[in-house]
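The values are calculated or read from the model by the stated rules, or taken from the named source; none is laboratory data. None of these values were measured; they are calculated from a predicted model. Here the Cβ is made from the backbone with ideal geometry for all residues, glycine too, and neighbour counts use every protein chain on show.
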Amino acid sequence: MTTGAAKSASKKREPTAATMAVRTAAILFVFVIIFTGLLSGAYLWTKPALEASAAEEKMKLINEVLPRSAYDNNLLKDTVTLPASPLLGTDEATTAYRARKGADPVALVFEAVATDGYAGKIRLIIAVNADGTIAGVRVTQHKETPGLGDYIEPKKDKNKERPWITQFNGHSYASTVDKDWRVKKDGGRFDFIAGATVTPRAVIKAVRKATKYVAENQTQLYASQ
Amino acid sequence: MINREEFRSIAHNGIWKQNTSLIQILGLCPLLAVTTNMVNGVMLSLATIIVMALSNVAVASLRNFIPHEIRIPVFILIVAALVTVVDLLFNANLHELYLVLGIFIPLIVTNCIVLARVEAFAAKNPPLHATFDGIFMGIGMLWTLAVLGGLREFIGGGTLFSGIDLVFPGLSPLQLLPADYPGLLLAILPPGAFILLGCMIAWKNWVEARAAQRQPRPPIEPLAADGTN
């Protein structure tokens, strides 16, 4: 008797459950459509502004490593693709920007990665003048310990007059030897802050390798594509 | 509309009684990650207040259309979409502020406090109440994170308000302890955040225990007036 009652009850309930399922699915679908629409709308509406500010951001970063007065071309348009290279520490192709004054090459601005930071990769942007000297280096991304290894960023560096990262300016691959490219503790010529030597070591090594890359590929880098 | 009593109760719940970080212990992942200084904590909280108020008002307005069975996926959809839209709009229209707040907005997606308030409050209350709930829960988070961040940077490096120059370019951080203070790295690393948060929770419990002792609650009225109980 009880089984019969249960059977008839489930028979009655089954279509209800199915319609319920369809109905909730339909409601979920409507919500998905509405909010996807909202997202797409916001994305399309903000896209031009975002692209403009991304380009501006890039220029701001480039201006930090290379003075605006040094060149007169639109270097965001004058690019060359650098294949992945162990000297640059990159594992995929990157874009380098070429600064020129008139027809003369002035400098190359490119990315390099220090792969052996204290906490993962340290991304750098480096400008190397056409004569091989370093115009500027900046850290664009890192995960070094806040308050300890992050003095590689000028913003966090307590020495505001001569931030650590500016020590590279003026050095070139040709005029130095590998031994100089170490922190002073290891017999080189670069300062460091006690307690965080892994970070500067990684950056120094990455900058050295990057200048080597430029020295070795100088002619191709400025060739017109 | 909202009456004064309800408003006070929502504010008291958000700021003290149901404080997200000290009582609900929700959203610890971004909380512990960013409170290395006070400015970061405050900025994350401000971004959270915006998102929480928006998602609460959205869910409260739509609450009668959301079937109970699928409420969680719909809430997640609403919260995630709103966070992304806020992120995009901030980036496009208030770029200077975005550079400061921007890195915190994606962190809010991982903050379950937003979903928790949507589920616990906004889904059952009218939009105006829900908006205030979002704002006051955020304010509760704000003061907790400000204190936690301030303690961490003070103990860790002897400074206060470091990073303020990124928000207000003329101001500079305070160096409270002498510059040769060696610093205590533990306070800046995640374990320090756990330890200090634990201390803050203990402090809150102590304050409440003391308040309860000082002002004993009026005796509960007997259930039955005839004394049979």
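Every residue in segment A:200-225 that is out of contact with any Pro (no Cβ under 9 Å at 6 or more places or on another chain) and either of a type in the set (Asp, Glu) or under 20 Å from A:Gly187 (Cβ atoms) (or both), please.
Result: A:Pro200, A:Arg201, A:Ala202, A:Val203, A:Ile204, A:Lys205, A:Ala206, A:Val207, A:Arg208, A:Thr211, A:Lys212, A:Glu216.
Go through segment A:138-168 and count every residue that is surrounded by 15 or more Cβ atoms within 10 Å (Cβ to Cβ), part of a loop (DSSP other than H, G, I, E, B) and either of a type outside the set (D, E, K, R) or on the phi > 0 side of the Ramachandran plot (or both).
Residues flagged as surrounded by 15 or more Cβ atoms within 10 Å (Cβ to Cβ), part of a loop (DSSP other than H, G, I, E, B) and either of a type outside the set (D, E, K, R) or on the phi > 0 side of the Ramachandran plot (or both) within segment A:138-168 amount to 8.
Out of the residues in segment B:167-213 that are under 20 Å from A:Gly195 (Cβ atoms) and among the aliphatic types (A, V, I, L, M), state the one that is surrounded by the fewest Cβ atoms within 10 Å (Cβ to Cβ).
B:Ala179
I need a count of the residues in segment B:43-84 that are β-branched (Val, Ile, Thr) and surrounded by fewer than 21 Cβ atoms within 10 Å (Cβ to Cβ).
Residues meeting the conditions: 7.
Could you give me the residue pairs with C-beta distances under 8 Å whose first residue belongs to segment A:153-178 and is among the acidic types (Asp, Glu), whose second residue is part of a loop (DSSP other than H, G, I, E, B) wherever it lies, and which are 6+ apart or on separate chains?
A:Glu153/A:His142; A:Asp157/A:Pro163
Before we move on, is A:Arg189 more than 14 Å from chain B (Cβ to nearest Cβ) and surrounded by 15 or more Cβ atoms within 10 Å (Cβ to Cβ)?
No, not satisfied.
Conditions tested, residue by residue: (1) over 30 Å from B:Tyr181 (Cα atoms); (2) outside the structural domain of A:Glu216 (by TED's automatic domain parsing); (3) touching a His at 6+ places or on another chain (Cβ under 7 Å); (4) not aromatic (Phe, Trp, Tyr).
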site	(1), (2), (3), (4)
A:Leu108	yes, no, no, yes
A:Tyr118	no, no, no, no
A:Ile134	yes, no, yes, yes
A:Leu148	no, no, no, yes
A:Gln167	no, no, no, yes
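Please determine, by comparing only the residues of segment B:130-188 that are closer than 18 Å to B:Val42 by Cβ and among the charged types (D, E, K, R), which one is farthest from the chain's Cα centre (by Cα).
B:Asp165
Looking at A:Ile126, is it in a strand (DSSP E or B), touching a residue at least 24 places away in the same chain (Cβ under 8 Å) and touching a strand residue (DSSP E or B) at 6+ places or on another chain (Cβ under 6 Å)?
Here the answer is yes, as A:Ile126 does meet what is asked.
One line per residue, one yes/no per condition, for (1) out of contact with any helix residue (DSSP H, G or I) (no Cβ under 8 Å at 6 or more places or on another chain); (2) away from chain B (no Cβ under 14 Å); (3) at pLDDT 90 or above:
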position: A:Thr16; (1), (2), (3): yes, no, no
position: A:Ile33; (1), (2), (3): yes, no, yes
position: A:Ala55; (1), (2), (3): yes, no, no
position: A:Ser69; (1), (2), (3): yes, yes, no
position: A:Asp78; (1), (2), (3): yes, yes, no
position: A:Thr81; (1), (2), (3): yes, yes, no
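Provide a single number: the residues in segment B:152-170 that are part of a loop (DSSP other than H, G, I, E, B), within 12 Å of chain A (Cβ to nearest Cβ) and at pLDDT below 80.
Summing the residues that are part of a loop (DSSP other than H, G, I, E, B), within 12 Å of chain A (Cβ to nearest Cβ) and at pLDDT below 80 in segment B:152-170 gives 3.
Counting only residues that are touching a Pro at 6+ places or on another chain (Cβ under 9 Å) and at pLDDT 80 or above, which one in segment B:85-107 is surrounded by the most Cβ atoms within 10 Å (Cβ to Cβ)?
Looking at residues that are touching a Pro at 6+ places or on another chain (Cβ under 9 Å) and at pLDDT 80 or above, I get B:Asp87.
Just a yes or no: is a residue in segment A:104-118 loosely packed, with under 14 Cβ neighbours inside 10 Å and of a type in the set (A, V, I, L, M, F, W, C)?
Within segment A:104-118 (the criterion being loosely packed, with under 14 Cβ neighbours inside 10 Å and of a type in the set (A, V, I, L, M, F, W, C)), the answer is no, since none of the residues qualifies.
Do you know which residues across segment A:143-166 are in contact with a helix residue (DSSP H, G or I) (Cβ under 9 Å, 6 or more places away or on another chain) and more than 14 Å from chain B (Cβ to nearest Cβ)?
A:Ile152, A:Pro163, A:Trp164, A:Ile165
Give the residue, chosen from B:Ile25, B:Ile15, B:Ile10, that is more than 12 Å from every other protein chain (Cβ to nearest Cβ), out of contact with any Ser or Thr (no Cβ under 7 Å at 6 or more places or on another chain), of a type in the set (Val, Ile, Thr) and on the phi > 0 side of the Ramachandran plot.
Exactly one of B:Ile25, B:Ile15, B:Ile10 is more than 12 Å from every other protein chain (Cβ to nearest Cβ), out of contact with any Ser or Thr (no Cβ under 7 Å at 6 or more places or on another chain), of a type in the set (Val, Ile, Thr) and on the phi > 0 side of the Ramachandran plot, namely B:Ile25.
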